[in-house]
Amino acid sequence: MYLGRTVSEMSISATTITIDSEYLKRDVTISLLMPDELVSVEPINLLLLNDGQEMENIKLADTLSVLSEAGMIKPLIVVAVHAGNDRLHEYGVAGHPDFKHRGSKASVYTKFITLELLPLIKRETGIDDFDTTAYAGFSLGGLSAMDIAWHHPELFNKTGVFSGSFWWRSKELGKGYTDGDRIMHHVIRESKHTPALKFWLQTGTKDETADRNKNGIIDSIDDTVDIIKELEAKGYTRPADIQYLELLNGTHSTSTWAYALPKFLVWAFGR
């Protein structure tokens, strides 16, 4: 297993940047990770990552180092956006707060990503055009990443969702809820466009224990599989456009996401 190799084999530099966001009205911490020796003659790729405060727990720098040293991924810059205290409101689906009005600032967060962060990345790196630009996240951060990528295919080519919060719903259970009230499913189903995106989705068989419809399958798997069905109804196909990884005994945790991370990186940026 290649994760047994050491970071020293290829050094990954991490730079911390603080953005005084006009849109979010707060300071946003950004971790910028790139190899010390970035080969400029090759096209450079970009990954935006929500919940960047978890970068050590998911072994981000270690994994980048090992995969880069092994020649398994193309030259890659990672921008890890640290969540703030308003995470439950900044993440979500833009324009569609859930039944508790969480996600009320998702539209503002989208503006921060598209109008503030991406231009800053280009200024900081001196790179105007990336070969592949992907956006990924974990849990609610994964839902946010997919929503932003879905609505901005001119900026993103791929999206990755680890244990995504696809349960995000407009009605509370027991108060008239049906599966049609799941917000991201509704957004995809009602979209008039089919963006040129590729999708990587992951769940674990122990993500949770909840089973709304009592079919013997946990909700996180049901909800993710139903996202795939919505995408297929739009014309996307597996495996060309959609990759799904279901990890036996995988949990809703950084340890599971750390295990899945190299699989996502090779899918998104593999040579």
Every pair of residues 6+ apart whose Cβ atoms lie under 8 Å, when the first sits in the stretch 58-78 and is in contact (Cβ under 8 Å) with a residue 40 or more places away in the chain while the second is assigned to a loop (DSSP other than H, G, I, E, B) and of a type in the set (Gly, Ala, Ser): Ser65/Ser11
Given (1) closer than 28 Å to Pro75 by Cβ; (2) not in a helix (DSSP H, G or I), number of the condition Leu248 does not satisfy: (1)
Options Leu173, Leu120: the member that is more than 27 Å from Thr16 (Cα to Cα) and either aliphatic (A, V, I, L, M) or surrounded by 17 or more Cβ atoms within 10 Å (Cβ to Cβ) (or both): Leu173
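Could you list all residues from the stretch 203-221 that are under 19 Å from the mean Cα position of the chain (by Cα) and either under 16 Å from His186 (Cβ atoms) or aliphatic (A, V, I, L, M) (or both)? Full working, then the answer.
Quick first cut of the stretch 203-221, residues under 19 Å from the mean Cα position of the chain (by Cα) only: 203-204, 207, 220-221.
Selection gives Ile221 alone.
For the stretch 219-234, state whether one or more residues are in a loop (DSSP other than H, G, I, E, B) and either modelled with pLDDT under 95 or closer than 17 Å to Met146 by Cα (or both). Spell out how you get there, then give the answer.
Looking only at the stretch 219-234, we keep the residues that are in a loop (DSSP other than H, G, I, E, B), and these are 234.
Subset that is either modelled with pLDDT under 95 or closer than 17 Å to Met146 by Cα (or both): 234.
Within the stretch 219-234, one or more residues are in a loop (DSSP other than H, G, I, E, B) and either modelled with pLDDT under 95 or closer than 17 Å to Met146 by Cα (or both).
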Residue ID - nearest to the chain's Cα centre (by Cα), chosen from residues in the stretch 123-154 that are under 19 Å from Leu24 (Cβ atoms) and surrounded by fewer than 19 Cβ atoms within 10 Å (Cβ to Cβ): His152
Residue check for Phe112: farther than 21 Å from Phe199 by Cβ and under 18 Å from the mean Cα position of the chain (by Cα): yes
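For the stretch 128-140, does any single residue satisfy the condition of being among the aliphatic types (A, V, I, L, M) and more than 15 Å from Phe199 (Cβ to Cβ)? I'd like the intermediate steps shown before the answer.
Going through the stretch 128-140, the residues among the aliphatic types (A, V, I, L, M) turn out to be 134, 136, 140.
With the extra rule that they be more than 15 Å from Phe199 (Cβ to Cβ), the set shrinks to 140.
The answer is yes; a qualifying residue exists.
If we keep just the residues of the stretch 62-81 that are out of contact with any Ser or Thr (no Cβ under 9 Å at 6 or more places or on another chain) and assigned to a helix (DSSP H, G or I), which is surrounded by the fewest Cβ atoms within 10 Å (Cβ to Cβ)?
Taking the candidates together, the pick is Glu69.
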Pair list, Cβ < 6 Å and 6+ apart or interchain, from the stretch 139-165 residues that are of a type in the set (Asp, Glu) to residues that are modelled with pLDDT of 95 or more and surrounded by 24 or more Cβ atoms within 10 Å (Cβ to Cβ): Asp147/Val93
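The values are calculated or read from the model by the stated rules, or taken from the named source; none is laboratory data. In this text the structure is predicted, and so the values were computed from the model without any measurement. Glycine gets a Cβ as well: all are built from the backbone with ideal geometry, and neighbour counts include every protein chain shown.
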